[in-house]
Amino acid sequence: MEGKDTVFAADIWAREGWASAELTLGGAGAHRFADRIAVTWLRPDAFAAGTARRVLAAVAERGFRVLAARPVHLGPAGARALWAYMCRWATVERLWLLDAVVALGPGLLVLWADDTDSPLPASARLTAGKGNGAPGRRDGQSLRDLAGALNRVLTMVHTADEPADVIRELAVFCPSWQERVLLIEEAATRLAEGTAGSWEAACRQVETELPAQAAPDRAGTAGPVVRGPGVLYQGELAERWAALRAAADTWPLLAPSPGPVSWPEQARRNPWR
């Protein structure tokens with residue numbers, strides 16, 4: 001995207017992610033890696049909703065081959081880092097909700113290769129099928145539709161939008177230098193050999209920590225009234241999930257005016273339109 005290179009040249013996560021890739025694969029190898037890798041993070045809300053495996057199967061059906069998978073638990077600082085640029089329209093309430101999402105438990109990070117002959121970078125093709133955050137702007141066939149994404153907060157599926165984001169998000173999801181290099185090496189080896197990894201063991205690990213929760217009965221009850229962020233962290237997992245769903249349905253999510261613009265494409269992006 002126009003202007004993103006200038007912004008990411010000064011971004012600490014992008015710089016660290018690039019240093020890891022370049023030192024592991026060399027400059028040209030790091031560029032090829034970024035171009036040929038797609039990244040998904042099946043978020044904690046997808047596991048709470050019990051739909052993560054459905055999305056993983058759909059990604060494979062669309063011509064992507066799994067290279068490596070890791071459980072990843074983002075805290076509030078990690079959530080701010082991941083969505084630092086995309087939250088320019090977010091209300092404070094929306095930030096509280098994102099914190100509550102990552103507080104549910106881990107998500108599943110998966111690196112994929114694109115085995116089709118698409119001219120797009122792997123990350124861009126996968127993101128094109130992810131679907132909009134707003135349910136009314138999706139086509140019914142997107143990954144977020146398959147996940148049952150409910151609204152602009154409980155979107156269930158995250159992807160790195162393009163190669164620059166692949167590099168940056170490696171540093172966000174894997175803040176440990178050693179773990180990041182091991183992940184890059186594993187994915188790059190399978191990419192070069194044309195072999196596949198598996199997400200099964202990592203997925204089971206996430207499911208053990210964050211089992212699927214029953215959906216609230218919307219027909220018979222009004223659901224919990226959530227008046228502040230504290231209740232999102234109180235009680236058992238089922239209670240926190242129910243409170244999070246209720247708050248995401250009722251709290252304001254879009255600010256009337258945006259925060260700072262980082263690159264021209266963002267200046268043209270208006271979720272109110």
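The values are calculated or read from the model by the stated rules, or taken from the named source; none is laboratory data. Everything numeric in this text was worked out from a predicted model, so none of it was measured. Here the Cβ is made from the backbone with ideal geometry for all residues, glycine too, and neighbour counts use every protein chain on show.
Those residues that are hydrophobic (A, V, I, L, M, F, W, C), surrounded by fewer than 17 Cβ atoms within 10 Å (Cβ to Cβ) and under 21 Å from residue 174 (Cβ atoms), I need them from the range 45-82; list them, please. 77, the sole residue that qualifies. Residue pairs whose Cβ atoms lie under 9 Å apart, sitting 6 or more positions apart in sequence or on different chains, and linking a residue in the range 20-35 that is among the hydrophobic types (A, V, I, L, M, F, W, C) and surrounded by fewer than 17 Cβ atoms within 10 Å (Cβ to Cβ) to a partner that is at pLDDT 95 or above and in a helix (DSSP H, G or I), are 23/30; 23/181. Within the range 75-94, residues that are more than 14 Å from residue 43 (Cβ to Cβ) and touching a residue at least 24 places away in the same chain (Cβ under 8 Å) have Cβ atoms under 7 Å from residues that are outside any helix (DSSP H, G or I) and of a type in the set (Val, Ile, Thr) in these pairs: 94/153, counting only partners at least 6 apart in sequence or on another chain.
On inspection, residue 161 fails the criterion of being touching a residue at least 12 places away in the same chain (Cβ under 8 Å), within 16 Å of residue 40 (Cβ to Cβ) and over 17 Å from the mean Cα position of the chain (by Cα). The test for being among the small types (Gly, Ala, Ser), within 15 Å of the chain's Cα centre (by Cα) and part of a helix (DSSP H, G or I) holds for residue 171.
Restricted to helices (runs of 4 or more DSSP H) entirely inside the range 1-118, those with at least 3 residues that are farther than 19 Å from residue 154 by Cα and modelled with pLDDT of 95 or more are 12-25, 27-36, 52-61. The set of residues from the range 134-154 being of a type outside the set (A, V, I, L, M) and either in contact (Cβ under 8 Å) with a residue 40 or more places away in the chain or at negative phi (or both) comprises 135, 136, 137, 138, 139, 141, 142, 144, 145, 148, 151, 152. Checked against (1) in contact with a helix residue (DSSP H, G or I) (Cβ under 9 Å, 6 or more places away or on another chain); (2) more than 30 Å from residue 208 (Cβ to Cβ), residue 89 meets all criteria but (1).
Just one of 137, 168, 180 is of a type outside the set (A, V, I, L, M), touching a Leu at 6+ places or on another chain (Cβ under 7 Å) and farther than 17 Å from residue 58 by Cβ; which is it?
180
Regarding residue 265, is this residue of a type in the set (Asp, Glu), over 23 Å from the mean Cα position of the chain (by Cα) and either over 30 Å from residue 5 (Cα atoms) or in a helix (DSSP H, G or I) (or both)? Spelling it out, it is not the case that residue 265 is of a type in the set (Asp, Glu), over 23 Å from the mean Cα position of the chain (by Cα) and either over 30 Å from residue 5 (Cα atoms) or in a helix (DSSP H, G or I) (or both).
The set of residues in the range 162-184 that are touching a Ser or Thr at 6+ places or on another chain (Cβ under 6 Å), closer than 14 Å to residue 70 by Cβ and either surrounded by fewer than 21 Cβ atoms within 10 Å (Cβ to Cβ) or of a type in the set (Lys, Arg) (or both) comprises 180, 181.
Being of a type in the set (D, E, K, R) and closer than 17 Å to residue 83 by Cβ is the filter here, so list the residues in the range 242-273 that pass it. Passing the criteria: 265, 269.
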